[in-house]
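Report on the following structure.
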Amino acid sequence: MSTRREVVASREHVALAEVLDGDKEWLDQQDDGAYDVDHDDRPRPVHVEVHRLVVVDLTDGELVGQVNWHAVGHGRTRACAAWNIGMGLLPAARGRGVGAHALRLVAEHLLRTTDLDRLEASTDLENVPAQRVLAKGGFRAEGVLRGAQLRGGRRRDMMLFSLLRSDLVAPASAEARREIVISRDGVALAQPVAGEREKFYVDAAGDFEVDRDDRPRIAGPVRSSLLSVLDASTGALLGGVSWHAVDYGGTLGCSAWNIGIGLLPEARGRGVGTVAQRLLAEYLFATTEVDRIEAGTDVENVAEQRALEGAGFRREGVLRGAQWRGGERHDLAHYGKLRTDE
């Protein structure tokens, strides 16, 4: 399958290229059909024009999958339209970063060559690897589409993700003004620009990463928000902070923000974590009505425990066996901070 073809976009060892005669049929034959929907001969209620590119491994020129997209509408005008993206990789290409590169390539291609501002993608709620790829590609989880597909004779829920044009807009130059949300003591929190989400998820992974687990999560993916952690004087990326909602009673008054942090190796051991988490807590208390912020860290992660305590969080207890890391269960030290603490 090494036939010469026109490359539309490429990054590292992955390229998107034009589809040649027989490509789709060959890929369909090689695919394992995981998460394929049930066959249905009835006519579709609407006509969908599907566009397609193949995914090529540049190391050997072989086809490893395909990406496709079609238009969807959320209103009567073009400004309310979006591209819905799909991707399928051959089994041998999965789990080695091809999907994240291909996803980002097709997203950048569509935003560069069309005027639509929203991209979306959905995947089976049980397809955890695909959800991981979408998150690494900068897509954000938006919610669950109940019973959206028929697979294996029963209706299946889908997780919906999206990426907006504004999520990928980078500064025009290194000196361009960043959207800083809060800054103090040499550290700034800013809205991420192109490439920072991927760098945070890959390079900021530390020694306390949990083991990979492709089983479906009980509650589905959480909807997390992210800010970049910067050196306030140079603008250099130091890492990222994230937060998601947790619920203790079904009302806003019983909700809390659970925060996390990941620092690049060169930013660790300098007090950045303390300042960044204090700034994040201040930002969340100032911009939301939630009165409690919490965080958990491995009981062996003494550096993060000191950072949380330095940021004004109080140790509340230990969550026994809360995480699976290194093939065994690990306890988490749990911390909380209330609006009334300061």
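About the centre of its Cα atoms, region 176-341 shows a dipole size close to 260 debye [charges on the beta carbon of Lys, Arg (+1) and Asp, Glu (-1) only; nearest 20 debye]. Using the Cα coordinates of the chain, the gyration tensor eigenvalues translate into equivalent-ellipsoid semi-axes of 38, 23, 21 Å, sorted from longest to shortest. Annotation note: trypsin sites (Lys or Arg not before Pro) in region 1-93 located in DSSP loop regions with a Cβ neighbour count of at most 12 within 10 Å are Arg4, Arg76.
Beta bridges per DSSP, both residues in the chain: antiparallel share near 95 percent. Taken one residue at a time, the phi angles of region 33-39 give Karplus couplings (6.51, -1.76, 1.60, θ = phi - 60°) of x, 4, 6, 5, 6, 5, 5 Hz. Gly and Pro are set to x. Working ranking of peptides 285-292, 314-321, 66-73 by packing, defined as the average number of other Cβ atoms within 10 Å per residue, highest first, is 66-73, 285-292, 314-321.
Amide H to amide H, with H built 1.01 Å from N, Leu90 comes under 5 Å of Gly65, counting only residues 5 or more places away or on other chains.
3J(HN,Hα) along region 109-114: 4, 5, 6, 7, 9, 10 Hz, from the Karplus curve 6.51 cos²θ - 1.76 cosθ + 1.60 with θ = phi - 60°, whole Hz, x for Gly and Pro.
Where does the chain land at 222 nm, in deg cm²/dmol rounded to the nearest 500, when only DSSP H runs of n ≥ 4 count, each adding -39500 (n - 2.57), divided by all residues? Calculated from helices alone, the mean residue ellipticity at 222 nm is -6000 deg cm²/dmol. Centroid-to-centroid, using Cα positions, region 268-342 and region 76-91 are 37 Å apart. Placing unit charges on each Cβ (+1 for Lys and Arg, -1 for Asp and Glu) gives the chain a dipole about its Cα centre, and among Gly240, Thr288, Gly73 the Cα reaching farthest toward its positive end belongs to Thr288. Between 0 and 90 degrees, the angle of helix 272-287 with respect to the longest Cα principal axis of the chain falls at about 80 degrees. Shape verdict for region 247-341, please, from the Cα gyration tensor: rounded (a/c under 1.5), prolate (a/b greater than b/c) or oblate. Oblate is the answer for region 247-341, as a/c is 1.5 or above yet b/c matches or exceeds a/b.
The charge dipole of the chain, taken about the Cα centre with unit charges on the Cβ atoms of Lys, Arg (+1) and Asp, Glu (-1), comes to about 720 debye, rounded to the nearest 20.
How many angstrom lie between the Cα centre of region 228-251 and the Cα centre of region 1-53? Result: 37 Å between the Cα centres.
Bear in mind these aren't lab numbers, they're just calculated from the coordinates by the rules spelled out. Note that the coordinates shown come from a computational prediction; the quantities given were computed from them, not determined experimentally. For neighbour counting, all protein chains shown are included, and Cβ atoms are generated from backbone atoms with ideal geometry for every residue, glycine included.
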